[in-house]
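Worksheet: the structure to be examined is printed underneath.
The values are calculated or read from the model by the stated rules, or taken from the named source; none is laboratory data. From a predicted model like this one, the values you see are computed outputs, not experimental measurements. Cβ: placed from backbone, ideal geometry, glycine included. Neighbour counts: every protein chain shown. What goes into the accessible areas is simple: the full protein's heavy atoms, side chains included, and nothing from ligands, DNA or RNA. Shrake-Rupley method; radii C 1.70, N 1.55, O 1.52, S 1.80 Å.
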Amino acid sequence: MVYGSIEAGGTKFVCAIGDGDFNIKERVSFPTTTPEETMKLVIEFFKKYQNELESIGIGSFGPIDIHRDSPTYGYITSTPKLAWQNYDFVGTLKEVFDVPMAWTTDVNAACYGEYIAGAGQGFSSVVYYTVGTGIGGGALQDGVFVEGFSHPEMGHMLVRNHPDDSFEGNCPFHKTCLEGMAAGPAIEKRAGKKGQELAEDDPNWDIEAYYLAQCAYNTTLMLSPDKIILGGGVMKQKQLLGKVYKAFDELMNGYVKTPKLEEYIVTPELGDNAGTIGCLALARDSKLHS
Ligand code: ADP
Ligand code: ZN
């Protein structure tokens, strides 16, 4: 008996097969092209395991429809990726695999992974952000995703400009929202080179930390979670967290007494595996199935 994991990202898909202890038996990755091409590869991968496949956990780029009573449940909805607009993701898989499927956002899946087996283990309220090509956020309260009419879109919260930052922002919807100011492509546009090519002491990291600190500040005031986990490619810059703590303290100005920042605002313990482990855990935990 095995579980399936699908991390459906905007740039690549990662599919995996694992057991109930999250030991990964096989993992493959391929670029996100058209639904026809990409889903064909997904289906081929899982077909090999069809006889032992218990369930599948899916974490998808979005926006997605998560409402079980909606006629478009399981669809990717208004994504800027045209080929995937109004695409029946879960339905397409269900035509081939008659197994329970858990369906949530990519960042919720990573949040779940960290909650079950990483930095959020043992805590009741966990928030996870990915800071990469975009910024996304997910929140869990006692093992259940925080959601209402839809899933959160925390990456597009508004932020105020760093006093030295004249970058106009590059979110196609809001220009200067968090994603528009602090995701990888914003860093690249502002600095003229990619984040991974900037020196550790480049002043752009102070600017970046100022926005991430606002993200943590807003999150703290909205949810008072036990953990705020910051993941994604940009957080591989180890000097960032310390700068975030400093800017966070200044913004908070003593108003809320949070847990010790080194234990409160952290990077993922599962690293790049948070999504895969999260999807396997979602597949395993039947209360989240459709
Ligand atoms: P994705 O969001 O596409 O799943 P990543 O989380 O790796 O993938 O995000 C990619 C973005 O993060 C790019 O804009 C890239 O420049 C930036 N990035 C990746 N690695 C680093 C790094 N080590 N330091 C700074 N920025 C990085
Ligand atoms: Zn935005």
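Looking at segment 127-154, which of the residues that are part of a strand (DSSP E or B) and open to solvent by 30 Å² or more (accessible area, probe 1.4 Å) is nearest to ligand 2 (Cβ to nearest atom)? Quick ask: steps written out before the conclusion?
Step one: filter segment 127-154 for residues part of a strand (DSSP E or B), giving 127-131, 135-141, 144-145.
Add one more test, that the residue is open to solvent by 30 Å² or more (accessible area, probe 1.4 Å), and what stays is 130, 141, 144.
Values: Thr130: 15, Gln141: 25, Val144: 26 Å.
Going through the qualifying residues, I end up with Thr130.
Please go through segment 211-230 and pick out each residue that is part of a loop (DSSP other than H, G, I, E, B) and open to solvent by 70 Å² or more (accessible area, probe 1.4 Å). It would help to see each step written out before you state the result.
In the first step, residues of segment 211-230 are kept if they are part of a loop (DSSP other than H, G, I, E, B); the result is 224-226.
Listed by number, the list holds a single entry, Ser224.
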Can you spot a residue in segment 181-202 that is among the hydrophobic types (A, V, I, L, M, F, W, C), more than 13 Å from ligand 1 (Cβ to nearest atom) and more than 22 Å from Gly122 (Cα to Cα)? yes
I'd like to check something: does segment 186-200 contain any residue that is open to solvent by 70 Å² or more (accessible area, probe 1.4 Å), touching an Asp or Glu at 6+ places or on another chain (Cβ under 8 Å), part of a loop (DSSP other than H, G, I, E, B) and of a type in the set (D, E, K, R)? yes
Count - residues of segment 43-57 that are part of a strand (DSSP E or B) and open to solvent by 40 Å² or more (accessible area, probe 1.4 Å): 1
Just to be sure I understand, how many residues within segment 137-161 are farther than 23 Å from Ala213 by Cα and either hydroxyl-bearing (Ser, Thr, Tyr) or within 16 Å of ligand 1 (Cβ to nearest atom) (or both)? 1
Considering residues that are touching a residue at least 60 places away in the same chain (Cβ under 8 Å), among the hydrophobic types (A, V, I, L, M, F, W, C) and part of a helix (DSSP H, G or I), the number found within segment 97-124 is 5
Counted residues, segment 58-117 - those being β-branched (Val, Ile, Thr) and open to solvent by 50 Å² or more (accessible area, probe 1.4 Å): 1
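One line per residue, one yes/no per condition, for (1) within 11 Å of ligand 1 (Cβ to nearest atom); (2) of a type in the set (A, V, I, L, M); (3) not assigned by TED's automatic domain parsing to the domain that holds Met181:
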{"residue": "Ala213", "(1), (2), (3)": "no, yes, no"}
{"residue": "Pro225", "(1), (2), (3)": "no, no, no"}
{"residue": "Gly232", "(1), (2), (3)": "yes, no, no"}
{"residue": "Lys243", "(1), (2), (3)": "no, no, no"}
{"residue": "Met252", "(1), (2), (3)": "no, yes, no"}
{"residue": "Arg284", "(1), (2), (3)": "no, no, yes"}
Residue check: is Lys94 without any contact (Cβ under 8 Å) to a residue 60 or more places away in the chain, part of a helix (DSSP H, G or I), assigned by TED's automatic domain parsing to the domain that holds Cys279 and within 26 Å of Glu147 (Cβ to Cβ)? yes
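With the requirement that a residue be of a type in the set (Ser, Thr, Tyr) and not in a loop (DSSP other than H, G, I, E, B), what does segment 1-39 give you? Show your work before the answer.
Taking segment 1-39 first, the residues of a type in the set (Ser, Thr, Tyr) are 3, 5, 11, 29, 32-34, 38.
Result: Tyr3, Ser5, Ser29, Thr38.
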Failed condition for Glu208, given (1) under 13 Å from Ile135 (Cα atoms); (2) more than 13 Å from ligand 2 (Cβ to nearest atom); (3) surrounded by fewer than 19 Cβ atoms within 10 Å (Cβ to Cβ); (4) not hydrophobic (A, V, I, L, M, F, W, C): (3)
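Across segment 155-168, what is the number of residues that are touching a residue at least 12 places away in the same chain (Cβ under 8 Å) and either open to solvent by 40 Å² or more (accessible area, probe 1.4 Å) or under 21 Å from the mean Cα position of the chain (by Cα) (or both)?
In the first step, residues of segment 155-168 are kept if they are touching a residue at least 12 places away in the same chain (Cβ under 8 Å); the result is 155-162, 164-165, 167.
Subset that is either open to solvent by 40 Å² or more (accessible area, probe 1.4 Å) or under 21 Å from the mean Cα position of the chain (by Cα) (or both): 155-161, 164.
Going through segment 155-168 one residue at a time, the tally reaches 8.
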State whether one or more residues within segment 258-276 are within 23 Å of Thr104 (Cα to Cα), open to solvent by 70 Å² or more (accessible area, probe 1.4 Å), of a type in the set (Asp, Glu) and out of contact with any Phe, Trp or Tyr (no Cβ under 7 Å at 6 or more places or on another chain). yes
What pairs can you find where one residue is in segment 184-208 and at positive phi, the other is part of a helix (DSSP H, G or I), and their Cβ atoms are less than 6 Å apart, with a gap of 6+ or different chains? none
